[in-house]
Amino acid sequence: MRDAPPETRMIESRHMLRVVYNPVAGPLIVRKVDRIRAFLAGGATPFEILSTERPGDAVLFAREAAQAGMDTVVAVGGDGTVNEVANGLAGSGTRLAVVPQGTGNVFAKEVGLPKTMEGCLGLLAGGKTIEIPLARADDRYFVLMASAGFDAEVVERMQSRQKNLLGIGAYVLAGMRHLLRAQPPLWLEFPGRERVEAQVVIVCRGKKYGGGVTMAPAGNLSGNSFQVVALRKTGRWAIAGFALSALRGKHAASPHVLIREATSVLVRSRIPSAAQVDGDYLGPLPVRFEMTDVRLRIVVPRRYPSP
């Protein structure tokens, strides 16, 4: 089928698939979309393919699909595209399926998606569908993780061209440059007015973080809470040491790292700092991260643990 224009009218078939892709999610995205089109054309399920043109398009395309009662929206792109589609489908009966294409692809690692496009699309019939509760950063839902401070400021400064050329290395280089700047301390406020000073704050729904790092060993997408990982030692060298220990899987044992299960946390900063969700810049602090009762249906491999 030909790519439908953004103004494509809603189609009222409950068995319809809508594929939403981000055209800047890596240099091979057009080739992958052509393969997806050929794969789906060989089946009996009607489908359409929409390309985003600006931030927020994937939210609108997914919301239209949910309102039309479509069965599934397939997000083709990185974790930012997954986040937008999830925000459009939140609370609906329409499923989210993912074909990863991008830099981090934390969602793919978290749920164990197949390595091939054909394997991912095969889950539409051969996988299983689970429901997970969504967390929220102010008024935006997130599926996997969020953060405040250093990590979010690096995300804010990233450009698509850098990510496409260098992949995960772009984050490393941007992080090294950003370490040269002054690093503002953060304040976390948990329910009960407990306050904690920190240098880095990461909120994890699942276990994984960027680069395949297991950031929160007790993370669980199906659970009704999240894991707050906070570096309590301040300073730029503390951040560098935290990053290295996380890459080695040893950060959880550090006396300077707090890992706490929570359903809500407010993060502030005395001087301007930033927040991000699922690898996309969200905005300036303060931000409240909290669990919600809104649920999302996602397609996962059969081996993924059931709730």
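The values are calculated or read from the model by the stated rules, or taken from the named source; none is laboratory data. These numbers were taken from a predicted model, which means no experiment stands behind them. So basically every Cβ, Gly included, is an ideal-geometry build from the backbone, and we count neighbours across all protein chains shown.
Assessment of the range 268-287 against the conditions (at positive phi and over 20 Å from the mean Cα position of the chain (by Cα)) yields no matching residue. Screening the range 60-86 for residues that are of a type in the set (Gly, Ala, Ser) and touching a Ser or Thr at 6+ places or on another chain (Cβ under 7 Å) and picking the one that is surrounded by the fewest Cβ atoms within 10 Å (Cβ to Cβ) gives 66. Does residue 281 count as in a loop (DSSP other than H, G, I, E, B) and touching a helix residue (DSSP H, G or I) at 6+ places or on another chain (Cβ under 6 Å)? No, not satisfied. Going by the structure shown, is residue 238 in contact (Cβ under 8 Å) with a residue 60 or more places away in the chain, surrounded by 14 or more Cβ atoms within 10 Å (Cβ to Cβ), small (Gly, Ala, Ser) and assigned to a helix (DSSP H, G or I)? No: the conditions fail for residue 238.
Among the residues that make up the range 46-58, is at least one of them assigned to a helix (DSSP H, G or I) and among the basic types (Lys, Arg)? Among the residues of the range 46-58, not one is assigned to a helix (DSSP H, G or I) and among the basic types (Lys, Arg), which makes the answer no.
For the condition closer than 30 Å to residue 121 by Cα and assigned to a strand (DSSP E or B), what is the one hit in 266, 296?
Just a single option satisfies the conditions, and that option is 296.
Residue count for the range 92-118, restricted to those that are more than 20 Å from residue 206 (Cβ to Cβ) and not polar (S, T, N, Q): 3. Consider the range 42-59 and keep the residues that are within 12 Å of residue 121 (Cβ to Cβ) and modelled with pLDDT under 95. The one that is surrounded by the fewest Cβ atoms within 10 Å (Cβ to Cβ) is 42. Every condition in (1) closer than 21 Å to residue 137 by Cβ; (2) over 19 Å from the mean Cα position of the chain (by Cα) holds for residue 263 except the one numbered (2).
Any residue at all in the range 248-271 that's without any contact (Cβ under 8 Å) to a residue 24 or more places away in the chain and among the charged types (D, E, K, R)? Yes; the residues of the range 248-271 include at least one that is without any contact (Cβ under 8 Å) to a residue 24 or more places away in the chain and among the charged types (D, E, K, R). Screening the range 88-129 for residues that are over 16 Å from residue 221 (Cβ atoms) and polar (S, T, N, Q) and picking the one that is modelled with the lowest pLDDT gives 103.
Within the range 181-210, the set of residues being assigned to a loop (DSSP other than H, G, I, E, B) and more than 19 Å from residue 241 (Cα to Cα) comprises 190, 191, 192, 193, 194, 205, 206, 207.
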